[in-house]
Amino acid sequence: MNLAASYRIIVPVALLTMQLFSGCARRQPAIETLPLPDLRELISRMDRNRENLRDFTGAGSLEMLGSEVRKTIVGVRVAYLTPNFLSVKLKGTLGVNLGSLILAGDRYSLRSNADHQQTRGDITDFEYPLGLDILIQGEDVRDLFRPLIESDSLAETAKLSKDFSTQLYELAWFDEGIENRLWADPFRPVFIRELVCADSGDTIWYREVDGIKQHSGVFLPHVWTTRLGQAPEVFQIKLNLSQMQVNSGLTPADFEIEEDSPEADSG
């Protein structure tokens, strides 16, 4: 077979193959063509997905960036048991342990392998800059590592609309002068974005998730990015979990904090 004949055969076959594969990829309808859902039903779908999550473990990378801090990427292993148990272990080059954080109920334990220091105490007293010149306190620490954006503070007065630029449903409301916005996926029971702004318009908290997959009946992101503060004073933390295991049977015993003496408490 000469070259010209081979070309006449290969090109149609290649085009047919591309058509077949492109036909297999399901295209979601544009949000412009979708009806606006009932607000309560939309929230209920999100809540049911969240309630199906009992625990998860994940491994991947943690990226941190601040206005006064250069970009830092470390290995991370996260374990979470609803509603308030969390373990975060950081690793550096060649798998060297950098430190760990455990939150168990209203208690915390923070260990830094760099200076061989460990502190424990009540979570309301937790103030640790993570070496990044930013104070992250109490529940904010746990929220950084929770995979799902929650809607607990959602007001009944929230306005639901379509955001054509993002192809997401947008929920907006004010709470004591604080502006709150959530963006919901039209097809999966997950909030994709969250924005909290002060009455001045400055950003307090922004979060965005990506890489959503279904594990054990729960839709979860594998990537989530949180930004705290307003430019130029912004701190950003990004988790990218390449491995994830959901509802594997974690218990509070997996997050035990050793309380060896009263002097060990920082509070």
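Residue check: A253 meets all listed conditions (1) without any contact (Cβ under 8 Å) to a residue 12 or more places away in the chain; (2) surrounded by 15 or more Cβ atoms within 10 Å (Cβ to Cβ) but one, namely (2). Quick one: is S161 in contact (Cβ under 8 Å) with a residue 40 or more places away in the chain and in contact with a helix residue (DSSP H, G or I) (Cβ under 6 Å, 6 or more places away or on another chain)? When the stated conditions are applied, S161 does not pass them. Within region 108-127, the set of residues being assigned to a strand (DSSP E or B), of a type outside the set (D, E) and closer than 23 Å to K91 by Cα comprises Y108, S109, L110, R111, S112, Q117, Q118, T119, R120.
Residues in region 169-204 that are aliphatic (A, V, I, L, M), surrounded by 18 or more Cβ atoms within 10 Å (Cβ to Cβ), part of a strand (DSSP E or B) and within 18 Å of the chain's Cα centre (by Cα): L182, A184, I192, L195.
Every read-out reported here was derived from the displayed coordinates using simple, explicitly stated rules and does not represent laboratory data. Here the structure is a predicted model, which means the values were calculated and not measured. Virtual Cβ from ideal backbone geometry, glycine too; neighbours counted across all protein chains shown.
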